[in-house]
Structures are given as C-alpha cells and as structure tokens.
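Take a look at the structure below.
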C-alpha cells in the first residue's frame, strides 16, 4: 500500500485515482472544481478543493509525505508545469506528470517531473498497476485480474531453485521464462537456480503480484 496524490480530476485523473484505490492504495485527490470533488470525495482517503498553483496551498497538502504525486491536469499546461516544478521544490519523492505533446514532456522533465505519461500511450489503469508495486519492470494485461509481468528475481529467491521455493504454491504465479542480462531467454525447469540479475517473466493475478513484489 502506498500514499498517492492525484492533482487534476479530468477523465484520466479520475480513472487513475479510482484504479489506485482499487489496488489498495491511500489516495488524496485535488481539483479546483468543487462540483467534481464533492461528487468524488466519498470514494477516496482525502479530497481537497484548491488551486495548486498557489505554493502555500500546495505546501499545505504535505507533498513530501506521498510516495508518488501525479499531475493530471487537462488543458492548462502552464498550471501543470508550475505545479510539477513546485512539487519537486517542496520535496516530493516522485512526480509523474501528464503531457499531450513531446514538447510539453521536455519542459516537464526539465522542470520537476521525474516521469511523463501520455494519455494516448499510457492507459491510466496500466500506470496505476505499475506504480502500486516497487519491483515491476513491465506488464501485459490479459484480463482485469490476470497479467504477464516482468519482475526481478526477489532477493529470497537468489541461489534457490524454482522447485525448492515452490513458487506456484507459495505465490500463486507461474514462471514462464527467464530473461538474462544478455537478453537471452530460457524456459526454466524446476531445478533452475535463480541468479541476482535475472528478470523473471511470470503469469499471475495483479493483486497477488503487487502484494509480494511490494514487501
């Protein structure tokens, strides 16, 4: 479970925030539109009606206490840029901002954003899943519940075999393949011994994978 701040409740921001809650995160939502916040407030840990371009207002949210701050403002790029910059100056751990064009992404990355997402390229749900865990490199969604994930070999796996760990029974996942540092792929057997740099391609339920990779 992580603490998330989502600023901007357009369609992208709302869907992102909703999915983050579904994935058992604590989520504060913020927008300057009172009607939107009043409608959404019951579904979230906290909800604030405020203008985050005001530094004093933004500081009052305690931005440094959140694991990730999302800036998902729709049409007003100037506001998005100002807020992204101020978040970083105020000690935000990680800032992910929405952009509509490459030139916007460049400015955001130069002025506080650690990562930029494009609504047309990065679906809100996929972003929510990836950000809810600490050790997911990438994933392919198969259904609402199941996905194929690329994760690192967990520290407790290294030096042990798949059979000894009993991965399927213990974690509820299937190991599909191992990606080595040389980009070599291999289909492991039960006696495969995990190495520190292994990327493990697995199939499992999103909630299960997020739970054990976030410990």
So how much slack lies between residue 158 and residue 56, counting 0.36 nm per residue of separation and subtracting their Cα-Cα distance, in nm?
32.0 nm
Relative pair counts by distance (%), Cα atoms of the range 120-159, 5 Å bins
6, 19, 28, 24, 12, 7, 3, 1, 0
Only bridges with both residues in the chain count here: give the DSSP antiparallel percent, nearest 5.
50
Kirkwood-based Rg/Rh on the Cα set of the range 55-181 evaluates to 1.09
For the range 1-45, using Cα atoms only, the Rg and Dmax in Å read 9.5, 28
Where does helix 77-89 land angle-wise versus the long Cα axis of the chain, in degrees 0 to 90, nearest 10?
70
Mind checking the alpha-carbon convex hull of the chain and giving the volume per residue in Å³?
131
Could you give the length gained by full extension between residue 89 and residue 192, i.e. 0.36 nm per residue of separation minus their alpha carbon distance, to one decimal place?
32.4 nm
Between rounded, prolate and oblate, where does the range 38-114 land on the alpha carbon gyration tensor, with a ≥ b ≥ c its root eigenvalues, rounded for a/c under 1.5, else prolate if a/b exceeds b/c?
prolate
What does the C-alpha gyration tensor say about the overall shape of the range 3-131? Classify as rounded when a/c is under 1.5, otherwise prolate if a/b is larger than b/c, or oblate.
rounded
For the chain, what does the helix formula give at 222 nm: sum of -39500 (n - 2.57) over DSSP H segments with n ≥ 4, over the residue count, nearest 500 deg cm²/dmol?
-9000 deg cm²/dmol
Once you have the Cα-Cα distance between residue 46 and residue 101, take 0.36 nm times their residue separation minus that, and quote the gain in nm to one decimal.
16.7 nm
Interatomic Cα distance distribution for the range 138-213, bins of 5 angstrom, percent
3, 16, 29, 28, 16, 6, 1
What is the calculated FRET efficiency for residue 140 to residue 166, with r their C-beta to C-beta distance and R₀ = 22 Å, to the nearest 0.05?
0.30
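Read the figures in this text as sums done on the coordinates, not as results from a lab. Since the model is a prediction, treat every value here as computed from it, not as a measurement. Quick reminder, even Gly has a Cβ in these numbers, built from the backbone with ideal geometry, and neighbours come from all protein chains shown.
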